[in-house]
Amino acid sequence: MLENKVCLITGASKGIGKAILEVFADNNAIIYANARKEGDLDDILKVFENAQVEIIPVYFDVTDFDAIKSCILQIKKRHKRLDVLVNNAGMVTYEILGMINFDKFREMLEVNLVAPIFLMQMATKLMLRQSSGSIINITSKVGVEGVKGQLSYSATKGGLNSATLSAAKELSSKNIRVNAVAPGMIGSDRLKNVMESKFKEKLNDIGFGRLGTPEEVAKACLFLASDHSSYMTGQIIEVDGDLKL
């Protein structure tokens, strides 16, 4: 489904980002896989070392704008195009309004909202040249509906949902699609650890009665990255198993 499409995935070393990388690789994409720390992608690169797929690791912090510019220039020089951007890198906190740590909140805004917007800006410099492209922002169900105990996190993801809708309107005339995938409770290692200590009863709020898998989110991203969604833009797709917040 992604044969010869050049894709940039941020936060690709674990969880949902790793699943997106794997699903895209299985569909023959050319992948620039981002992680923050050198070597974080070594294990997944070994899995695909004998496969007929091109995965180029790019190590940088998404809040480092100079590093982002360098990455986009690398893609331009090597492949001369960028077909898909997946803004997946993010951070999360759990606290009620009265306990918000505003230093953490500012950091989360930079990672979850400012960085994706800058990445969209840089990616579209290539996409506008080719008059095509798909941008996929990984947001959250809580950014759509809000939730108790995650006000600051939901604010950052709600902001990214709004940015998705505005960018879609700006770029539709250039044949660039911008959509968001808003996961519910997904069984990443991080959430599983938190579930055990804080949210075990939350399983009762999921209509399907189980956590989602990173692969289920990745398959939604595959659809949005592919030509199967060629007439879709400005959509926020909730992958949530009928979660009631």
Given the condition surrounded by fewer than 22 Cβ atoms within 10 Å (Cβ to Cβ) and more than 19 Å from Ser230 (Cα to Cα), answer yes or no: does some residue in segment 122-130 qualify? yes
How many residues are in a helix (DSSP H, G or I), in contact with a helix residue (DSSP H, G or I) (Cβ under 8 Å, 6 or more places away or on another chain) and of a type in the set (Gly, Ala, Ser) when one looks only at segment 156-184? 4
Selection from segment 206-245 of residues crowded, with 17+ Cβ neighbours inside 10 Å and small (Gly, Ala, Ser) yields Gly212, Ala218, Ala220, Ala225, Ser226, Ser229, Gly241
Which residue, of Asn101, Asn179, is crowded, with 20+ Cβ neighbours inside 10 Å and either at pLDDT 95 or above or aromatic (Phe, Trp, Tyr) (or both)? Asn179
Among the residues of segment 143-150, is there at least one that is of a type in the set (Lys, Arg) and either in contact with a Cys (Cβ under 9 Å, 6 or more places away or on another chain) or at pLDDT 95 or above (or both)? no
Considering only residues of segment 45-73 that are closer than 20 Å to Glu3 by Cα and part of a helix (DSSP H, G or I), which is farthest from the chain's Cα centre (by Cα)? Val47
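The values are calculated or read from the model by the stated rules, or taken from the named source; none is laboratory data. Predicted model only: the values in this text are computed from it and were never measured. With ideal geometry, Cβ positions are generated from the backbone for all residues, glycine too; neighbour counts draw on all protein chains shown.
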